[in-house]
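Structure record follows, encoded as structure tokens.
The values are calculated or read from the model by the stated rules, or taken from the named source; none is laboratory data. All values reported here derive from a predicted model rather than from experimental measurement. When we count neighbours, we look across all protein chains shown, and the Cβ atoms used for this are built from the backbone with ideal geometry, even at glycine. Ligands, DNA and RNA are stripped out before the accessible areas are found, and what is left, the full protein with its side chains, is counted by its heavy atoms. Shrake-Rupley method; radii C 1.70, N 1.55, O 1.52, S 1.80 Å.
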Amino acid sequence: MTWNSWKSMTISATGQPAALKCPTGSEQVGELKADIPGCGLEGCNARYQDRYPDINSCLKGCKANSNCNGFSWAPMNDDPNHQGKSTCTLYDKDAPTSSWGNGKQLFCKKAISYAEQQRKEMDKLYQNNRKELKESLEKQKVERAQQHKEQMEEFNKQQQQNMNKMTQSMNKMHNQHLDAFTNKMGNLHSKHLEEFNNEMNNHREEFGNHIGRVKDELIQEMQKGFEENTNRNKLLNKINDIRNQQTDLEFQHKMLQQRNQQKRELNKNTNEIQERQAEWEEKQAQIQEERLEKRKEMMKERHEMRQDEHYQLMNGLKGFLTAFQNLWQHNLNEEKKHMVMKPALPAVGNRMNGMNRMNRMNRMNGMNPKQPAIGYETKLTNVDYNRPPPLLPPIPPLPPPEEK
């Protein structure tokens, strides 16, 4: 345990260190062994003494983290799962929910200053006032709409009442004039009948004109009210149309931007594919040329090897035939030495008999030194067809390789 962690402890009367206390700037919540399950805000490997050597550094870490509202401090060997270590765990809560440890673990919450407390209260009050203001505005809006509706209904009702009153008054007036006319007709003489009719016609005209004026006034008032409502509805419709047009234009603008972006990407991908195709074709042409050159070289080497094999075979056969001819000549010479010469028979004319012809050694096959080796005769060579046949037919030279 470091010196800083000892500073947060008190010394009892017996000289032994007392229990830990939450450092200044924090408050203890719950009893000892208070805990919240889990590794907190920083993970399990970031809460040991190499980062938080004492409880004061644990408080500093909690203040440095804006999401931290509380922390737990377990001294060395107090956590059963982490023997030989002290643990500082930061939480976003300020109250424990369980218990853990050997009995020395503390749970502390950050002490809130007066200014911060006032600021939180002001924020809370501001949010409440804003909510109340919003609700009151909505309520006023609904009330105004209701009042406007009630006023329109009352106006229509009043107009209907005025119309009914005017009709009743006109009927009453007409009845009064009619009664007066009837009384006057009963009282007046027939000579006043024409005057009375003229007067009644005048009254009727006045009455008709009066009714026409009243109707025109009422109609004008009603048209004014309707025109106001109509103009307001027209303005609202125009505003909605303008908003819809703006939304459509923004959507079209976004679609054009996306289309242009897609065209640019498509052109870029097309150019890349064309470049790759050209590179691939160049590589294939180069590989084809290299293959043709290698094929030519291999054909040339193969032809040279076949020529060498042909020459070696021809030289071997030539040597074999030469050795065979020499061996045959040697055997003939040996037989000649041991052969008993008989006297020649007398010639018959200019001819020799068959024995003398057989005894002519220089005419035997293979005894003429000017005779070429078997298989190497030409058109100018005098061939003796009584000679023995060659062992193998002559081998012609190989044809030149075909160029492809």
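Any residue in segment 206-230 that's in contact (Cβ under 8 Å) with a residue 12 or more places away in the chain: show its pairings with residues that are in a helix (DSSP H, G or I) and surrounded by 10 or more Cβ atoms within 10 Å (Cβ to Cβ) at Cβ separation under 6 Å, as long as the two are six or more apart or on different chains.
The qualifying pairs are Val214/Met166.
Pairs, please: C-beta under 6 Å, at least 6 apart or cross-chain, first residue in contact (Cβ under 8 Å) with a residue 12 or more places away in the chain and in segment 42-60, second surrounded by fewer than 16 Cβ atoms within 10 Å (Cβ to Cβ) and not in a loop (DSSP other than H, G, I, E, B)?
The qualifying pairs are Asp54/Asn4; Asn56/Asn4.
Here is a list of conditions, (1) charged (D, E, K, R); (2) more than 17 Å from Cys22 (Cα to Cα); (3) touching a strand residue (DSSP E or B) at 6+ places or on another chain (Cβ under 6 Å); (4) open to solvent by 70 Å² or more (accessible area, probe 1.4 Å), and Asp94 meets all of them except one; can you say which number that is?
Of everything listed in (1) charged (D, E, K, R); (2) more than 17 Å from Cys22 (Cα to Cα); (3) touching a strand residue (DSSP E or B) at 6+ places or on another chain (Cβ under 6 Å); (4) open to solvent by 70 Å² or more (accessible area, probe 1.4 Å), Asp94 misses just condition (2).
Taking only pairs six or more apart or across chains, which ones have beta-carbon atoms under 6 Å, a first residue in segment 95-107 that is closer than 17 Å to Leu59 by Cβ, and a second residue that is of a type in the set (Lys, Arg)?
Taking only residues 6 or more apart or on different chains, the pairs are Gln105/Lys33.
Each row is one residue, and each column tells you yes or no for (1) loosely packed, with under 10 Cβ neighbours inside 10 Å; (2) more than 37 Å from the chain's Cα centre (by Cα); (3) modelled with pLDDT under 90.
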{"site": "Ile273", "(1), (2), (3)": "no, no, no"}
{"site": "Glu282", "(1), (2), (3)": "no, no, no"}
{"site": "Met299", "(1), (2), (3)": "no, yes, no"}
{"site": "Glu309", "(1), (2), (3)": "no, yes, yes"}
{"site": "Gln312", "(1), (2), (3)": "no, yes, yes"}
{"site": "Leu317", "(1), (2), (3)": "no, yes, yes"}
{"site": "Phe324", "(1), (2), (3)": "no, yes, yes"}
{"site": "Asn331", "(1), (2), (3)": "no, yes, yes"}
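Would you mind telling me which numbered condition in (1) within 42 Å of the chain's Cα centre (by Cα); (2) over 15 Å from Lys21 (Cα atoms); (3) open to solvent by less than 90 Å² (accessible area, probe 1.4 Å) Asp79 fails?
With respect to (1) within 42 Å of the chain's Cα centre (by Cα); (2) over 15 Å from Lys21 (Cα atoms); (3) open to solvent by less than 90 Å² (accessible area, probe 1.4 Å), Asp79 is out only on (1).
For the structure I just gave you, tell me whether Tyr48 is surrounded by 13 or more Cβ atoms within 10 Å (Cβ to Cβ), more than 21 Å from Lys110 (Cβ to Cβ) and at pLDDT 85 or above.
For Tyr48, the condition - surrounded by 13 or more Cβ atoms within 10 Å (Cβ to Cβ), more than 21 Å from Lys110 (Cβ to Cβ) and at pLDDT 85 or above - is met.
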